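Structure first, then comments.
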Amino acid sequence: MANRRFTRIHAYALTSALALVSLAACAPDRQAETKDAPLCEGCNVVLVSFDTVRADHLSVYGYERTTSPNIDAFAKKAVVFENAISQSAWTLPSHGSMMTGLYPERLGVAHYPAVRKLPTEATMLAEVFREAGYATGGFTGGGFVSSHWGFDRGFDVYTTDGRRFEHNLDEAVSWLELNKERPFFMFLHGYNAHRPYYSRRADREEMGLDPESPSSKKGFCSRENRERPSPEKLSDLLKYYDASIRHGDRQLGRFFRALRRLDLENNTVVMLTSDHGEEFFEHGNCDHVRFLYNEVIHVPFIVRVPGFTRRQIRRSDLIPASVTVPTTLLDIVGLDHTMPGASLVESLRGARHQFRAVYSHTSSAPGRLGSRGETAAIVTDSEKLISYLQEGSDEAYDLAEDPGETRVLAENHPAYDKRASLRAWLASLTRLSGPDSKFVGKQRGNRRDRMETYEEEAELPEKLKENLRSLGYLE
Ligand SMILES: [Zn+2]
């Protein structure tokens, strides 16, 4: 860290003045003359991770139900990336990538369940902000983003007690009130859309459910029962998922209103994304973690930059969602840094086709809960190749013709030529090591045949176990 040069923000008065200058200078229609100027120099940054939200279930992405009116309103003055692909299928690796700009396998956390903390060798986004003089606060649902795995590194305050946004929102807003006179970086995370899909009466009513029905769908997709439900039950489950998104959206509405009330809207960059989506038997499975179909890796990705986004701008370019988070945020506010991961700033400004291919990766014990073991995918504008590495088998899809990935292309299709590129990418991922990268639980067998449950060997703090249990990860 010592060799790195950071742009320090010394006085908030200066920050506000710079923000006003950038308001005037960074309008999209004047981008040519300000190509290299930060989009919002010295501004505050909020990263919202709405866990388990697939892009196609938000109304801003064209979903048939109005699941997200508050996010839709937020997106009216934002860049909406329509083709953002997460780098993994579950919480820890995707968030690890969001916070470090590194791929999950580089961090050693692609495999479910988590057995490794984030290596200290990897610089965390919050560390860079803190070093630059920002106040840093994380308000999270814990579980696989808890401090246990190293996610608190660089944060002045990091909560993991809640589960859903509402459990942390008052504390997050109080923290904003306390820190609004200096630049800040906030990470706001909630498991609202995660099983068991909690909602309130009004949410269920809006999604067409009986408001008197239970507040959550306990028991769905349990370890014992992952059978495909009847069409009626499946339709009901989707409504429960949608109601949980609606409930989370209400909380985000409260948060956006607080930003307005505290007069922070005009100097705060807000990025909203998710770590992965959710399966509802599109490919024979429920939940997430194990597969890399679009219902799991196509995530929302919306960026609002004060002054720059005065209207909604939609970008259809293919982008990696998770690994681009840190560099993009730091570049938007003009902090000098050496974080890895590509920046989306040029995409924000309107450059097209920046990414020819996007990679995703996940791994879990083969045969367990339908898993096909270590799985990697390469996505391009029109095609996708998924490799099941232990099986040695591949599936390719024509995304332009078949976005639902329902017809596997014949073995002689040129899409299978992407195998070489996918293998080369995987081979390039040298795993980081470091004094603090010890395994949390003992490893058994080789890297591709690890245990599936914690109870057998790993030691986790009791509170974290409770939290993971509530999310359906532990029995
Ligand atoms: Zn997650």
Problem - Those residues of segment 216-265 which are among the basic types (Lys, Arg) and under 21 Å from the mean Cα position of the chain (by Cα), in sequence order - result: ARG246, ARG250, ARG254
Handout entry: Extreme residue, farthest from THR160 (Cα to Cα), among residues of segment 180-233 that are among the acidic types (Asp, Glu) and in contact (Cβ under 8 Å) with a residue 60 or more places away in the chain
Key = GLU206
Exercise for the section: Scan segment 43-57 residue by residue and report those that are closer than 19 Å to LYS239 by Cβ and either away from the ligand (no atom under 16 Å from the Cβ) or of a type in the set (S, T, N, Q) (or both). Expected result: THR52, ASP56
Practice task
Among what's in segment 135-179 and is in contact (Cβ under 8 Å) with a residue 60 or more places away in the chain and surrounded by fewer than 19 Cβ atoms within 10 Å (Cβ to Cβ), pick the residue that is nearest to THR52 (Cα to Cα).
Solution key: GLU166
Completion exercise
Note on PRO300: of the conditions (1) more than 22 Å from VAL109 (Cβ to Cβ); (2) touching an Asp or Glu at 6+ places or on another chain (Cβ under 6 Å); (3) within 16 Å of the ligand (Cβ to nearest atom), unmet is (2)
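Has segment 58-69 got any residue that is away from the ligand (no atom under 12 Å from the Cβ) and either hydrophobic (A, V, I, L, M, F, W, C) or at pLDDT below 95 (or both)? Steps first, please.
Just the residues of segment 58-69 that are away from the ligand (no atom under 12 Å from the Cβ), to begin with: 58-69.
Those left that are additionally either hydrophobic (A, V, I, L, M, F, W, C) or at pLDDT below 95 (or both): 58, 60.
For segment 58-69, residues away from the ligand (no atom under 12 Å from the Cβ) and either hydrophobic (A, V, I, L, M, F, W, C) or at pLDDT below 95 (or both): present.
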Problem - segment 305-325, residues that are surrounded by fewer than 24 Cβ atoms within 10 Å (Cβ to Cβ) and over 16 Å from the mean Cα position of the chain (by Cα) - result: PRO306, GLY307, ARG310, ARG311, GLN312, ILE313, ARG314, ARG315, SER316, ASP317
Exercise for the section: Being under 20 Å from PHE184 (Cα atoms) and within 16 Å of the ligand (Cβ to nearest atom) is the filter; apply it to segment 238-288 and report the residue that is surrounded by the most Cβ atoms within 10 Å (Cβ to Cβ). Expected result: LEU272
Practice task
Any residue in segment 44-56 that's under 18 Å from ARG195 (Cα atoms): show its pairings with residues that are more than 14 Å from the ligand (Cβ to nearest atom) and part of a strand (DSSP E or B) at Cβ separation under 6 Å, as long as the two are six or more apart or on different chains.
Solution key: ALA55/HIS298
Problem - Candidates ALA122, ALA73, ALA78, ALA126, filtered to the one that is out of contact with any Ser or Thr (no Cβ under 6 Å at 6 or more places or on another chain) and touching a residue at least 60 places away in the same chain (Cβ under 8 Å) - result: ALA73
Fill in the blank from the handout: The lone condition HIS189 fails out of (1) touching an Asp or Glu at 6+ places or on another chain (Cβ under 7 Å); (2) modelled with pLDDT under 95 is (2)
Exercise for the section: Can you run down the residue pairs with Cβ atoms below 6 Å, 6 or more apart or on separate chains, where the first is in segment 275-288 and in contact (Cβ under 8 Å) with a residue 60 or more places away in the chain and the partner is within 15 Å of the ligand (Cβ to nearest atom) and of a type in the set (Asp, Glu)? Expected result: ASP275/ASP51; GLY277/GLU295; GLU282/GLU295; ASN285/GLU279; CYS286/GLU279; HIS288/GLU278
Completion exercise
Picking from PRO104, PRO119, PRO93, the residue that is within 14 Å of the ligand (Cβ to nearest atom) and over 21 Å from ARG164 (Cα atoms) would be PRO104
Problem - Filter result for the condition that a residue is in a helix (DSSP H, G or I) and either within 16 Å of the ligand (Cβ to nearest atom) or out of contact with any helix residue (DSSP H, G or I) (no Cβ under 9 Å at 6 or more places or on another chain) (or both), over GLU227, GLU232 - result: GLU232
Exercise for the section: Among residues belonging to segment 20-57 that are at pLDDT 90 or above, more than 20 Å from VAL323 (Cα to Cα) and of a type in the set (D, E, K, R), point out the one that is surrounded by the most Cβ atoms within 10 Å (Cβ to Cβ). Expected result: GLU41
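The values are calculated or read from the model by the stated rules, or taken from the named source; none is laboratory data. Computed from a prediction, not measured in an experiment: that's the story for all the values here. Heads up, the Cβs are rebuilt from the backbone with ideal geometry, glycines too, and the neighbour counts pull from every protein chain shown.
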